[in-house]
Amino acid sequence: METSSVWLRTIVSIGLLILGFWVGRGGMGLLTWLGRLTPDERDDRYWRVVGWLWWGVTGLMIASLILHVWEVVLEPLHGWGRTLYVWLGERGLAVLLIAGATSLALRLVPRLLQRVPVGTGEFSREQVRAQTLKSVLESVLQVLIVVLGVLFALSNLGLNVTALLAGAGVVGLGISLAAQNLIRDVLNGFFILLEDQYGVGDVITVGQLSGGVERFNLRITVLRDLEGRVHFIPNSTIQQVTVMSRDWARAVVDVSVAYETPVDRALEVIRSEAEAFYHDPVWRDKFTDQPPETLGIQQLADSGILIRVLFNAKPKEQWAIGREFRRRIKLRLDAEGIAIPYPTRRIVNT
């Protein structure tokens with residue numbers, strides 16, 4: 001046997017081993033994923049058995065091919081190897097290359113989209129739009145890659161893709177009639193994206209649910225609330241949405257003082273503390289350029305006088321500003337000797 005022939009067969013054998021490892025690992029991963037979809041965890045062991053059988057079949061095929069390459073006559077492996085070699089030469093190799101290219105493209109999509117600048121600094125509408133478009137673009141590209149990979153693979157296997165697409169169109173029409181909610185989800189999601197109603201990173205309220213938008217695509221909106229619970233909302237069910245993080249926000253703080261307190265003095269103390277808070281360099285970048293407003297007496301409540309203060313804040317900063325001002329005004333009122341009222345009850349014996 002010539003030296004060049006030995007080297008060629010060695011290289012082909014190594015390539016077949018790599019191919020077998022890739023096919024076996026891919027099939028095992030698919031079977032493991034299918035096993036996770038079953039409701040009973042006890043079924044997982046059966047899927048693992050099927051996975052090891054898949055590894056065995058893959059190893060048997062690779063061994064048959066290597067025996068054929070080295071012209072080792074060991075039946076029936078040699079005959080199987082010859083059949084597989086002919087199939088790979090005619091169609092199989094092209095299908096495997098398409099499958100490999102599809103798998104590689106699916107892995108590259110997230111890596112390529114990582115290069116899309118989404119901003120890591122201050123929260124802004126540009127950052128929200130970039131993150132949302134990135135999320136939608138990733139899902140659309142992955143679906144497109146899978147569809148094209150399947151079509152190319154079927155075409156190389158000798159199927160009439162044109163007739164298949166025509167039949168799929170008819171079947172798709174029937175499916176669309178039965179999946180109207182899905183179509184409404186996609187259409188509503190498209191208009192939400194087009195009109196920039198909200199996006200990933202926004203804080204919104206939909207019906208009785210409030211939270212930050214953790215994920216958004218054309219079908220669903222995923223919210224995570226303050227307690228960490230995740231809510232999956234189909235886009236077709238979103239009739240009205242309240243966005244609490246668009247462009248600017250407002251912290252509304254009501255301060256209650258006792259009726260015995262001189263009103264004008266209380267207003268002056270609250271106004272002074274609000275101005276000092278606004279000009280604090282540690283907190284200044286959380287406010288907009290508009291200074292705080294002390295509106296005055298909002299309500300004569302049962303137990304005290306309610307004074308309202310407004311702070312214009314940058315998006316998603318209104319809650320922190322409100323909490324900090326309540327802390328500061330409590331300390332200031334204590335220092336000024338102004339009482340914060342509490343409900344009292346008078347019992348009269350007759």
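The values are calculated or read from the model by the stated rules, or taken from the named source; none is laboratory data. Keep in mind the model is a prediction, meaning the values are calculated, not measured. Note that we place each Cβ from the backbone using ideal geometry, even for glycine, and neighbour counts take in every protein chain shown. Please note that ligands, DNA and RNA were not included when accessible areas were found on the heavy atoms of the full protein model with its side chains. Shrake-Rupley method; radii C 1.70, N 1.55, O 1.52, S 1.80 Å.
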With criteria (1) within 26 Å of SER155 (Cβ to Cβ); (2) modelled with pLDDT under 75, GLU2 comes up short on (1)
Scanning region 219-241 for residues that are more than 11 Å from LEU209 (Cα to Cα), open to solvent by 40 Å² or more (accessible area, probe 1.4 Å) and assigned to a strand (DSSP E or B) gives PRO234
Among the residues in region 335-343, are any among the hydrophobic types (A, V, I, L, M, F, W, C) and touching a Lys or Arg at 6+ places or on another chain (Cβ under 6 Å)?
no
In the set ILE305, ILE321, the lone residue that is hydrophobic (A, V, I, L, M, F, W, C) and either without any contact (Cβ under 8 Å) to a residue 40 or more places away in the chain or farther than 28 Å from GLY201 by Cα (or both) is ILE305
Inset, instruction - Look at GLU273 and say whether it is loosely packed, with under 13 Cβ neighbours inside 10 Å and in contact (Cβ under 8 Å) with a residue 12 or more places away in the chain. - result: no
If we ask which residues in region 318-342 are more than 21 Å from ASP264 (Cα to Cα) and in contact with a strand residue (DSSP E or B) (Cβ under 7 Å, 6 or more places away or on another chain), their number turns out to be 3
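Do we have any residue at all in region 33-56 that's within 22 Å of LEU17 (Cβ to Cβ), more than 36 Å from the chain's Cα centre (by Cα), open to solvent by 70 Å² or more (accessible area, probe 1.4 Å) and at pLDDT 70 or above? Give the derivation first.
If we filter region 33-56 for residues that are within 22 Å of LEU17 (Cβ to Cβ), which is where we start, we get 51-56.
Now narrow it down to the ones that are more than 36 Å from the chain's Cα centre (by Cα): 56.
Narrowing the set further to residues that are open to solvent by 70 Å² or more (accessible area, probe 1.4 Å) leaves none.
The answer is no; no qualifying residue exists.
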Note on PHE287: of the conditions (1) within 30 Å of VAL206 (Cα to Cα); (2) of a type in the set (Phe, Trp, Tyr); (3) out of contact with any strand residue (DSSP E or B) (no Cβ under 9 Å at 6 or more places or on another chain), unmet is (3)
Considering residues that are over 11 Å from PHE325 (Cβ atoms) and in contact (Cβ under 8 Å) with a residue 40 or more places away in the chain, the number found within region 280-298 is 2
The one condition ARG308 fails out of (1) open to solvent by 20 Å² or more (accessible area, probe 1.4 Å); (2) in a loop (DSSP other than H, G, I, E, B); (3) in contact with a strand residue (DSSP E or B) (Cβ under 8 Å, 6 or more places away or on another chain); (4) of a type outside the set (A, V, I, L, M) is (2)
The one condition LEU267 fails out of (1) among the hydrophobic types (A, V, I, L, M, F, W, C); (2) at pLDDT 90 or above; (3) under 29 Å from GLN131 (Cα atoms) is (3)
Restricting attention to region 303-321, the residues that are under 28 Å from the mean Cα position of the chain (by Cα) and small (Gly, Ala, Ser) number exactly 2
